[in-house]
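Notes follow the structure.
Coordinate-derived values only; no laboratory data. Since the model is a prediction, treat every value here as computed from it, not as a measurement. Note that we place each Cβ from the backbone using ideal geometry, even for glycine, and neighbour counts take in every protein chain shown.
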């Protein structure tokens, strides 16, 4: 039996860690070689791309690292975790109009800086911030640049609302909502989080974990996306048999000897089958990752 390789897009349920999902998928596909891209907190739901077999090599070189989220929020509260699941302050008045909120949202569109929350998996001096936070220790964190390419107010009623966010990798939606609350002078906490897009895959393409658990292996195999699907933004380049042999042995290929080499920097490489990802530098085709 040939090894399974590919990507399954999971709709992660609440109260599961991303590692829990990986463990379930290992059981479903009867393989240990499974990884994921873009950790989701346990209370969050939504798109979690899971990589199987040789596709696990793709997770570290994905071209589309932007993500999309739908998040609920409540004004008038703050918490140690920046969400409703932490230790919250007493509710305070949050008499904010939709127009005032829209005006504040404008400040957070585009390139901004964010201070990572203490309750996060980031490490400082080898220790996770969340582990320090649980001990009551708070350390200084440097602001990090992130990009909010879309920030849309979908609902707003009383002190509660829902936003849609398109953002760069590394953006903390909890921190974004906390910063919006501070700008309003009311405080705010996140009350729900759904990731609606990751690795170029939308939530309509994601399978509920409970559904995957019930499917036979033959059907699960058919649901796998090919590894190259996560690199669809790259143009293709095709090699002949001799070029394939050289490429698979790590030899740099002279671009001038490649027929109809398309314009670009990064490529999906084929010789009939998908071989890997390569880049062009100094008129040479150089392997980035072979699959």
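Relative to the current alpha-carbon distance between residue 141 and residue 265, full extension at 0.36 nm per residue lengthens the span by 41.1 nm.
Once both labels are positioned 7 Å from their Cα atoms along Cα-to-Cβ, the gap between residue 252 and residue 95 label points is 6.9 nm.
Relative contact order for the chain: 22 percent, from Cα pairs under 8 Å spaced at least 6 residues apart, divided by residue count.
Please say if the range 1-141 is rounded, prolate or oblate, where rounded means a/c under 1.5 for a ≥ b ≥ c the square roots of the C-alpha gyration tensor eigenvalues, and otherwise the choice is prolate for a/b larger than b/c and oblate otherwise?
Prolate shape, in that a/c is at least 1.5 and a/b is the bigger ratio.
Just the Cα atoms of the range 234-290, one point each, no solvent: what log10 I(q)/I(0) does Debye give at q = 0.24, 0.27 Å⁻¹? Values returned for q = 0.24, 0.27 Å⁻¹ are -0.90, -1.21.
The DSSP beta bridges internal to the range 51-205 are antiparallel in roughly 95% of cases. Summarised as an ellipsoid, the range 162-285 has semi-axes of 41, 24, 10 Å, derived from the eigenvalues of the Cα gyration tensor scaled by 5 and square-rooted, with the largest first.
Angle of helix 18-29 to the longest C-alpha principal axis of the chain, folded into 0 to 90 degrees and rounded to 10: 40°.
How many percent of the alpha carbon pairs in the range 111-190 exceed a separation of 18 Å? Summing the P(r) of the range 111-190 above 18 Å gives 49 percent of all pairs. In the range 234-290, Cα pairs under 8 Å separated by at least six residues give a relative contact order of 37 percent. Take the Cβ atoms of residue 23 and residue 65, set R0 to 22 Å, and the FRET efficiency comes out at 0.35. Quantify how much of the Cα-Cα distance distribution of the chain extends past 26 Å, in percent. Roughly 54 percent, once rounded to a whole number.
At a threshold of 8 angstrom on Cα-Cα distance, excluding pairs fewer than six apart, so keeping six or more, what relative contact order does the range 67-198 reach in percent?
Across the range 67-198, relative contact order equals 44 percent.
Using only the C-alpha atoms, the convex hull of the range 98-247 corresponds to 229 Å³ per residue. Cα centroid separation, the range 122-165 to the range 10-66: 22 Å. Kirkwood radius for the range 204-266, taken over all pairs of different Cα atoms as the inverse mean of 1/r, rounds to 15.3 Å. Relative to the longest principal axis of the Cα atoms of the chain, the long axis of helix 173-184 lies at roughly 30 degrees. Taking only the Cα atoms of the range 35-106, the ratio Rg/Rh comes out at 1.13, with Rh defined as the Kirkwood radius.
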